[in-house]
Amino acid sequence: MISFYPGPSRVNERIPRYIKDAYSQGILSINHRSEEFMGMYQRTVALLREKLEVPRDYSVFFTSSATECWEIIAQSVIDSTSYHFFNGAFGEKWFSYTNKLNALAIGYRFDMNLKLKTGELDLSAQPGVICLTQNETSNGTQIDNRQIEKLRQRYPDHLIAVDATSSMAGVFLDFKNADVWYASVQKCFGMPAGLAVMICSPQAIHKALEVNERDHYNSLPFIIEMTQKNQTTHTPNVMGIYLMMRIMESVKPIAKVHQKTVERFNGYRKLMDKLSLSHLVKNEDVRSHTVIPVVGEPTFIENVKKAAREQSIVLGNGYGEHKDTTFRIANFPAIKNSEIQTLMGFLKEYHLQGAEAKS
Ligand SMILES: *Cc1c(COP(=O)(O)O)cnc(C)c1O
């Protein structure tokens, strides 16, 4: 089976070897307060910084999931209001999770075919954290670096938090334009689920220490304190951290990965034009490079997915309101060129058969 599911997704093909290494080297049983763990932790963070171009003064933490990051931000970073701009299911979920913990959260839905426009809204006199879903996995849209930079310029005193779950490690993210970034690893990192990375600016750390929320095992001040010792607040996903270290040793710098992701995205775009497959999002400027939703009649979508399965190709189901009218293709780095060729061959063949059936 070749999986094009946008999470959990195809894992890096070296994962089985790394898991075997972890077992034979005793990593799976090491104590998370040991020198050995702390060394591994430190090295993994250093590699993440290097490969993803994390600014020197930003901090890197591990959590269990993007969902956990929603809660950490709500409890430990947001001290008054948060402004959630979203156009799809994941951004909306983040808003609703936050709203349960913090009644002052405000949600703003925008059209998925339009660029994020915060200009109509003046937040400059209102404090609060601005929350964005950089890559909306449910509908295949993105808010690009330039737009986030503009937001930062307009609101230099606001903290900006960004969900980059289905883009981090797949495309270049300009971290300096926002304060809290996070991603779980079962998307672009090509790893099994159960670990997430959270990247924080000095301003975010400052805010967390000022809010000083200490009511939860995962209160950010505790995480900050433990990280200074290269440790975690609880027994972490040691195997996940080890796999992250090995993956980060092997991947190319993010600029190279980004280039390849965009090239592959353009390849899909050409093919879709040729086969008259429609992208869910009409506005090309807001299309995600890592998640490609193809829209069509429910029977067509169902039939393509079924025919693909028969060829051992797993296409991603649609998500939320687009469940029946789209299938999604993950354009993640761990997918091999040969696998993309197989998918493209299948789509061409399927198109030809359809044309024959009609004539
Ligand atoms: C997958 C996904 C999540 C949820 O990730 P978990 O690891 O299940 O918590 C959150 N946000 C976005 C944008 C996602 O794609």
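For K117, list the aspartates and glutamates whose Cα falls under 12 Å from its own Cα; do not include residues on the same chain fewer than 8 positions away.
The qualifying aspartates and glutamates are none; the list is empty.
Can you work out the base-10 log of I(q)/I(0) for the stretch 14-154 at q = 0.13, 0.19, 0.21 1/Å, using the Debye formula on its C-alpha atoms alone?
Ignoring solvent entirely, the Cα scatterers give -0.77, -1.20, -1.33.
What share of the DSSP beta bridges in the stretch 130-213 is antiparallel, in percent to the nearest 5?
That works out to approximately 45 percent antiparallel.
In terms of modelled amide H atoms, which long-range or inter-chain residues lie less than 5 Å from the amide H of N331?
V291, I292
Over 29 Å between C-alpha atoms is what I'm after, so list which of K93/K348; K270/K358; K20/K93; K323/K358; K252/K348; K150/K336 land there.
Result: K93/K348; K20/K93; K252/K348; K150/K336 exceed 29 Å.
Remind me, what semi-axes does the stretch 26-65 give for its equivalent ellipsoid, largest first in whole Å, using sqrt of 5 times each Cα gyration tensor eigenvalue?
Equivalent ellipsoid of the stretch 26-65: 22, 11, 9 Å, largest first.
Order of 350-356, 164-170, 226-232 by packing, highest average Cβ count within 10 Å first?
164-170, 226-232, 350-356
Out of all DSSP beta bridges in the chain, what portion is antiparallel? Express it as a percent rounded to 5.
Just about 55 percent of them are antiparallel.
Largest first and in whole Å, give the semi-axes of the stretch 199-317's equivalent ellipsoid, each being the square root of 5 times a Cα gyration tensor eigenvalue.
Listed largest to smallest, the semi-axes of the stretch 199-317 are 41, 18, 18 Å.
Can you pull the three principal axis extents for the Cα set of the stretch 92-240, in Å, largest first?
For the stretch 92-240, the Cα spread along each principal axis is 45, 36, 29 Å.
Could you list W181, W70 in order of exposure, starting from the residue whose Cβ has the fewest other Cβ atoms within 10 Å?
Ordered by Cβ neighbours within 10 Å, fewest first: W70, W181.
Determine the equivalent ellipsoid of the chain by diagonalising the alpha-carbon gyration tensor, then write out the semi-axes as square roots of 5 times the eigenvalues, largest first, rounded to whole Å.
Equivalent ellipsoid of the chain: 34, 27, 16 Å, largest first.
Find how many whole Å separate the alpha carbon centroid of the stretch 294-321 from the alpha carbon centroid of the stretch 335-359.
Cα centroid of the stretch 335-359 versus Cα centroid of the stretch 294-321: 13 Å apart.
What whole number of Å gives the distance from the Cα centroid of the stretch 218-282 to the Cα centroid of the stretch 34-77?
13
For the residues V197, V45, V291, what sequence is obtained by ranking on other C-beta atoms within 10 Å, fewest first?
Fewest-to-most Cβ neighbours within 10 Å comes out as V45, V197, V291.
For the chain, what does the relative contact order come out to in percent, with C-alpha contacts under 8 Å and a separation of six or more?
25
Counting each pair of different Cα atoms once, what's the Kirkwood radius of the stretch 98-162 in Å, rounded to one decimal?
In the stretch 98-162 this quantity evaluates to 13.0 Å.
Which value in deg cm²/dmol, rounded to the nearest 500, describes the helix-derived mean residue ellipticity at 222 nm for the chain, given -39,500 (n - 2.57) per DSSP H run of n ≥ 4 and division by the residue count?
Dividing the helical sum by the residues of the chain leaves -13500 deg cm²/dmol.
Among E310, E53, what is the fewest-to-most ranking by other Cβ atoms within 10 Å?
So the ranking, lowest neighbour count to highest, is E310, E53.
If packing is taken as the average number of other Cβ atoms within 10 Å across a peptide's residues, how do 126-138, 100-112 rank, most packed first?
Descending mean neighbour count gives 126-138, 100-112.
Stick to Cα atoms and the Kirkwood definition of Rh, then tell me Rg/Rh for the stretch 293-359.
My calculation puts Rg/Rh at 0.98.
Could you name the aspartates and glutamates whose alpha carbon sits less than 20 Å from that of K207, not counting residues in the same chain fewer than 8 places away?
Within the straight-line cut-off, K207 pairs with D57, E68, E71, D79, D157, D163, D179, D215, E225.
Read-outs: derived from the displayed coordinates by stated rules, not from any lab. Since we're looking at a predicted model, the values are computed, not measured. Heads up, the Cβs are rebuilt from the backbone with ideal geometry, glycines too, and the neighbour counts pull from every protein chain shown.
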